[in-house]
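Novice: Have a look at this one.
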Amino acid sequence: MAEHAEHTAQPSTHPAYPVGLRLAGRRVVVLGGGQVAQRRLPALIAAGADITLISPSATPSVDVMAETGEITWIKRRYEEGDLADAWYVLVATTDAATNAAASAEAERTKTWCVRSDDAEAATAWTPATGRSEGVTVAVLTGHDPRRSAAVRDAIVEGLRDGSIAAPQHRARTPFVALVGGGPGDPDLITVRGRRLLTEADVVIADRLGPRDLLDELPPHVEVIDAAKIPYGRFMAQEAINNALIEHAKAGKSVVRLKGGDPFVFGRGMEEAQALAAEGIACTVVPGISSSISVPGAAGIPVTHRGVAHEFTVVSGHVAPEDPRSLVDWASLAKLTGTLVILMGVDKIGKIAEALIAHGKAPETPLALVQEGTTAAQRRVDATLATVAETVRTQEVRPPAVIVIGEVVTEGPDRLVS
């Protein structure tokens, strides 16, 4: 966005004329290698500009840009003629006389010039800029950069989370996305995951996904409860795979909304493989795994200096003695770090017995966090020796994340969420 100021113009009485500069392959000169340059250079690099930095010194970050060849750094002060053939100039030195001289040269050569020290003396202003899926938002509010940034942030966030409706009028390509919804709190889904939900025609949702988000979907979106898909002669997962394939082949945009992360005990790869077998590409949107986030929400760090240098996440959906189990419980019992068990509430008694039998101390602290990150969250503490009875008397129900190890005793009594 820029306004070319003629000698007779009064910049303070005229609004800036917005325009997008296409700088790919064109010469851009930046004077000064300090914090202003450090903030502005990445966007110029992303625009594909041919950047020359002129400054006797630079911040370490700017130095790295030069070392990696993203910019050309001339290590001296500005000299008359340095702006020759430049399309755009950023003047950001700490010397007012240098800034004025460079600005004057830019005026003579009719080169767009931004001045960090004196906006009124510039011929262009840098807007507060943000991007969301191909849309660039640039905001100017005169001489109030904080307001510009606040307006920009509000618009970009609205575009990302779908609260600002901006339908595409050109035909869009249907998609299939496996979206991790996070541990339960709807605010903990990723920005990309939330945006894809707003663009979907069909959403196939798990019980453990962020259900509150489904109420925000437009009326035309078909929401399918994965737990209620008729199985017929198919297993549950096969039926879900078939539903994904059917709607994708019908030309619809489909989101498979899962709890946590699609690839952490979420069978996401099975769905991706089923789609690939039918020649259907899909996008995987990672989610915040409950294995880390739920303990954190309950005040439990899965690692802590001097206490646990590793954590291990295992599935507890089958008991240790079950021949289907792939977990080496004997090895886990010997670890000194944190053990996080998902889907193990109804098997925790057998799991605790196995860990103790293989050498884990019966008094090892343990916590069960039920409905983590939601309004119904509760934490129940026990030890390996007492957990089976505790689960029974406290009526702990799935979904719950189980954390075993000394980190259970390290958290503060209360965390503010």
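The values are calculated or read from the model by the stated rules, or taken from the named source; none is laboratory data. From a predicted model like this one, the values you see are computed outputs, not experimental measurements. Neighbour counts are summed over all protein chains in view; Cβ atoms, including those assigned to glycine, are modelled from backbone coordinates with ideal geometry. Keep in mind that these areas ignore ligands, DNA and RNA; they rest on the heavy atoms of the full protein, side chains included. Shrake-Rupley method; radii C 1.70, N 1.55, O 1.52, S 1.80 Å.
Novice: Is it true that Val36 is closer than 25 Å to Val139 by Cα, over 30 Å from the mean Cα position of the chain (by Cα), open to solvent by less than 70 Å² (accessible area, probe 1.4 Å) and aliphatic (A, V, I, L, M)? Talk me through it step by step, then tell me what you get.
Specialist: Details: closer than 25 Å to Val139 by Cα: yes; over 30 Å from the mean Cα position of the chain (by Cα): no; open to solvent by less than 70 Å² (accessible area, probe 1.4 Å): yes; aliphatic (A, V, I, L, M): yes.
The answer is no for Val36.
Novice: Can you tell me which residue in segment 85-100 is surrounded by the fewest Cβ atoms within 10 Å (Cβ to Cβ), limited to those that are small (Gly, Ala, Ser) and not in a helix (DSSP H, G or I)? Please lay out each step first, then the result.
Specialist: Let us first name the residues in segment 85-100 that are small (Gly, Ala, Ser), namely 86, 92, 96-97, 100.
Imposing the further condition that a residue be not in a helix (DSSP H, G or I) reduces the set to 86, 92.
Numbers: Ala86: 20, Ala92: 23.
Result: Ala86.
Novice: Hey, does segment 149-161 have a residue that's open to solvent by 30 Å² or more (accessible area, probe 1.4 Å), aliphatic (A, V, I, L, M), out of contact with any strand residue (DSSP E or B) (no Cβ under 7 Å at 6 or more places or on another chain) and modelled with pLDDT under 90?
Specialist: Within segment 149-161, one or more residues are open to solvent by 30 Å² or more (accessible area, probe 1.4 Å), aliphatic (A, V, I, L, M), out of contact with any strand residue (DSSP E or B) (no Cβ under 7 Å at 6 or more places or on another chain) and modelled with pLDDT under 90.
Novice: Filter segment 249-282 down to the residues that are surrounded by fewer than 21 Cβ atoms within 10 Å (Cβ to Cβ) and either assigned to a helix (DSSP H, G or I) or touching a Phe, Trp or Tyr at 6+ places or on another chain (Cβ under 6 Å) (or both) and list them by number.
Specialist: Lys249, Ser253, Met269, Glu270, Gln273, Ala274, Leu275, Ala276, Ala277, listed by residue number.
Novice: In segment 212-242, what count of residues is obtained for those that are in contact (Cβ under 8 Å) with a residue 24 or more places away in the chain, open to solvent by 80 Å² or more (accessible area, probe 1.4 Å) and either of a type outside the set (Asp, Glu) or not in a helix (DSSP H, G or I) (or both)?
Specialist: 0
Novice: Can you tell me which residues in segment 101-153 are part of a helix (DSSP H, G or I), closer than 30 Å to Ile164 by Cβ and in contact with a Gly (Cβ under 8 Å, 6 or more places away or on another chain)?
Specialist: Arg152, Asp153
Novice: Still on this structure: Look at Ala382 and say whether it is more than 21 Å from Gly184 (Cβ to Cβ), modelled with pLDDT of 95 or more and out of contact with any strand residue (DSSP E or B) (no Cβ under 8 Å at 6 or more places or on another chain). First the steps, then the outcome.
Specialist: On the way: more than 21 Å from Gly184 (Cβ to Cβ): yes; modelled with pLDDT of 95 or more: yes; out of contact with any strand residue (DSSP E or B) (no Cβ under 8 Å at 6 or more places or on another chain): no.
So Ala382 does not fit the description; no.
Novice: Of the residues that make up segment 316-326, is at least one assigned to a helix (DSSP H, G or I) and either buried (at least 22 other Cβ atoms within 10 Å of the Cβ) or among the charged types (D, E, K, R) (or both)? First the steps, then the outcome.
Specialist: Filtering segment 316-326 down to residues assigned to a helix (DSSP H, G or I) leaves none.
Looking through segment 316-326, none of the residues is assigned to a helix (DSSP H, G or I) and either buried (at least 22 other Cβ atoms within 10 Å of the Cβ) or among the charged types (D, E, K, R) (or both).
Novice: Something else now. Here is a check on your reading of the model: is Thr109 of a type in the set (Ser, Thr, Tyr), in contact (Cβ under 8 Å) with a residue 12 or more places away in the chain and surrounded by fewer than 19 Cβ atoms within 10 Å (Cβ to Cβ)? Walk me through it before giving the result.
Specialist: On the way: of a type in the set (Ser, Thr, Tyr): yes; in contact (Cβ under 8 Å) with a residue 12 or more places away in the chain: yes; surrounded by fewer than 19 Cβ atoms within 10 Å (Cβ to Cβ): yes.
When the stated conditions are applied, Thr109 passes them.
Novice: Quick one: is Ile341 assigned to a strand (DSSP E or B), open to solvent by less than 30 Å² (accessible area, probe 1.4 Å), on the phi < 0 side of the Ramachandran plot and touching a residue at least 24 places away in the same chain (Cβ under 8 Å)?
Specialist: On the way: assigned to a strand (DSSP E or B): yes; open to solvent by less than 30 Å² (accessible area, probe 1.4 Å): yes; on the phi < 0 side of the Ramachandran plot: yes; touching a residue at least 24 places away in the same chain (Cβ under 8 Å): yes.
For Ile341, the condition - assigned to a strand (DSSP E or B), open to solvent by less than 30 Å² (accessible area, probe 1.4 Å), on the phi < 0 side of the Ramachandran plot and touching a residue at least 24 places away in the same chain (Cβ under 8 Å) - is met.
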